[in-house]
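Peer 1: One structure, pasted below without further comment.
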Amino acid sequence: MNKKSILLSALPVLLFACGRPDTDDTAGTGELAKEVVGVHLLSVDANYDEPCNYLAEEFVTRTFNLEGVTLEKFDEPNGCDFQWGNNKIGLMMGGPKPFPSIYHAEYVFDRLYQPNSKKLAMQQEMAAEKTEPISGPAPEGTVSETPTDTKDSTKSTATAKRDTSSANDTASTVSGVTRQAAKFVKPASSQAGFVAVMGIGDKAVWETSKHTMHVLYNNHILNVKVETADPENLKRLRAVTLAKVILEQMAH
């Protein structure tokens with residue numbers, strides 16, 4: 001191969017290398033490191049940014065048709081308020097940083113905004129304490145710890161607990177994971193002054209008495225308060241809009 005053909009074959013490689021944008025080698029491995037959008041939503045080590053930074057003043061102005069109105073902004077512990085006249089928009093996070101896991105966040109969410117879930121958990125704990133072992137004064141570590149199945153003593157415990165319904169069929173699912181297993185949180189329900197809201201986060205409820213939308217998303221709890229003279233349904237709709245924007249800003 002002559003020199004001319006070698007130069008021609010190397011030309012596309014040189015053009016490609018020259019046309020690549022400058023990117024820092026943050027990993028220090030010789031390869032270009034890229035950051036995936038939304039990776040910070042899963043972090044538990046870093047504190048949240050200032051809450052007011054997640055919600056732009058311009059967006060509040062457009063959402064509530066406040067052109068020409070001066071908004072006052074107040075930073076609160078784990079929160080932020082926008083006020084104009086007798087109206088107020090409030091944003092508050094569940095804490096200074098995300099919860100250790102989605103299960104921790106859901107536990108706190110249910111205790112605060114799903115009162116019946118707390119009662120049900122207490123009833124289950126009381127029922128478990130009343131359950132007597134089959135035999136022996138100290139059956140820990142033996143099979144006899146399990147309660148007796150009074151309905152059908154011939155049926156084994158494993159068979160009794162197995163879900164054989166069509167909803168738990170693994171034949172038509174990816175990697176044998178059922179639809180039930182894919183649900184990380186229990187859906188919200190309307191109860192005791194809280195109205196379940198679909199289509200935002202992993203679960204969300206609207207607290208009518210406080211005009212506040214409570215949202216659980218991954219290991220985050222977000223609270224958006226709308227205290228305006230608008231009708232209740234419009235307050236709730238605008239709270240959903242604000243919450244979606246805040247979650248999007250957190251992802252970036």
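Peer 1: What pairs in Lys88/Lys244; Lys88/Lys235; Lys97/Lys186; Lys186/Lys210 have C-alpha atoms more than 20 Å from each other?
Peer 2: Beyond 20 Å between Cα atoms: Lys97/Lys186; Lys186/Lys210.
Peer 1: Now for a separate question. Estimate the FRET efficiency between Ala56 and Gln191 by the formula 1/(1 + (r/R0)^6), using the beta-carbon distance for r and 45 Å for R0, to the nearest 0.05.
Peer 2: The value I calculate is 0.85.
Peer 1: At 7 Å along Cα-to-Cβ for each site, give me the label-to-label distance between Thr208 and Glu232 in nm.
Peer 2: Using points 7 Å along Cα→Cβ, the separation is 0.3 nm.
Peer 1: Starting at the first residue of the range 76-90, write each ³J(HN,Hα) from the Karplus equation 6.51 cos²θ - 1.76 cosθ + 1.60 with θ = phi - 60°, in whole Hz, x for Gly and Pro.
Peer 2: Computed from phi, the couplings for the range 76-90 are 10, x, 6, x, 7, 10, 10, 10, 8, x, 8, 9, 8, 10, x Hz.
Peer 1: Could you compute the net charge surrounding Asn87? Neighbours are other residues with a C-beta less than 10 Å from the C-beta of Asn87; K and R count +1, D and E count -1.
Peer 2: The answer is -1.
Peer 1: Another question about this same structure. Need the full-extension length gain, Asn47 to Gln249, defined as separation in residues times 0.36 nm minus the C-alpha distance. One decimal, nm.
Peer 2: 71.2 nm
Quick note: the coordinates plus some simple rules give every number you see, no bench work behind them. Bear in mind the structure is a predicted one, so any value in this text is a computation, not a measurement. No Cβ is skipped: glycine too gets one built from the backbone with ideal geometry, and neighbour counts run over all protein chains shown.
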